[in-house]
Amino acid sequence: MNKIGFVGLGVMGAPMAANLLRKGYHVTLYNRTPGKVDKLLELGGEEAATPAALARSSELVITMISNDDAIREVYYGENGLLSSVMPGTIIVDSSTISPALARQLAADSAQRYADFLDAPVTGSKPSAEDGSLVFMVGGDIEVTHRIN
């Protein structure tokens, strides 16, 4: 995956995205709160104006968002991620959301010919900073092999 989109640059998301940038990945960034992208732009990231714009330019999209309501806004809101996700895109949600919403996101992603992995993490900010988070991934095993 050469083009990664990362949505949600809070306590956990910002260090996760920073690690990807430091490893040399091309990362497009979006955050609902203005200004959270600034430090990551200094590391070489690019900012997308909307989740839809991010989706159009990404082969892999990672979301790390605070709760179900925020996820719904990013995925389904005006200029939402699912409105523009490209066929063949892999979406990895690392947020802590309800199982019902994760299943709905998977079904709606499939309707757009995108793959969805539910991948919440265990760990804290120091683990996110040093790259030692543990991901608990649910989804198609073949899709997980494509992103290893």
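Structure above, values below:
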| quantity | calculated |
| --- | --- |
| Under Karplus coefficients 6.51, -1.76 and 1.60, residue-wise ³J(HN,Hα) of region 34-48 in Hz, glycine/proline x | x, x, 6, 7, 3, 5, 6, 5, 5, 8, x, x, 10, 9, 9 |
| In order through region 75-82: 3J(HN,Hα) via Karplus (6.51 cos²θ - 1.76 cosθ + 1.60), integer Hz, x for Gly, Pro | 7, 10, x, 4, 6, x, 3, 6 |
| Amide proton proximity set for Gly138, modelled H, under 5 Å, gap of 5+ | Asp118, Ala119 |
| Protection-proxy order for peptides 60-68, 35-43, 111-119, each taking the mean of Cβ atoms within 10 Å per residue, highest first | 60-68, 111-119, 35-43 |
| Antiparallel bridge percentage (DSSP; both residues within the chain; nearest 5) | 15 percent |
| Accessible carbon and sulfur surface of the chain relative to its total accessible area, %, 1.4 Å | 51 percent |
| Per residue accessible area of the chain, 1.4 Å probe, in Å² | 51 Å² |
| Region 127-145 versus region 21-39: alpha-carbon centroid distance in Å | 19 Å |
| Estimated distance in nm for a label pair at Lys23 and Asn148, the labels positioned 7 Å out from Cα along Cα-to-Cβ | 1.4 nm |
| Projected label distance in nm at Glu129 and Asn2, using a 7 Å step from Cα toward the beta-carbon | 3.4 nm |
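The values are calculated or read from the model by the stated rules, or taken from the named source; none is laboratory data. Since the structure is predicted, the reported quantities are computational estimates derived from the model, not experimental observations. A quick note on method: Cβ atoms are made from the backbone with ideal geometry, for glycine too, and the neighbour counts reach across all protein chains shown. For accessibility, only protein heavy atoms count, side chains too; no ligands or nucleic acids. Shrake-Rupley method; radii C 1.70, N 1.55, O 1.52, S 1.80 Å.
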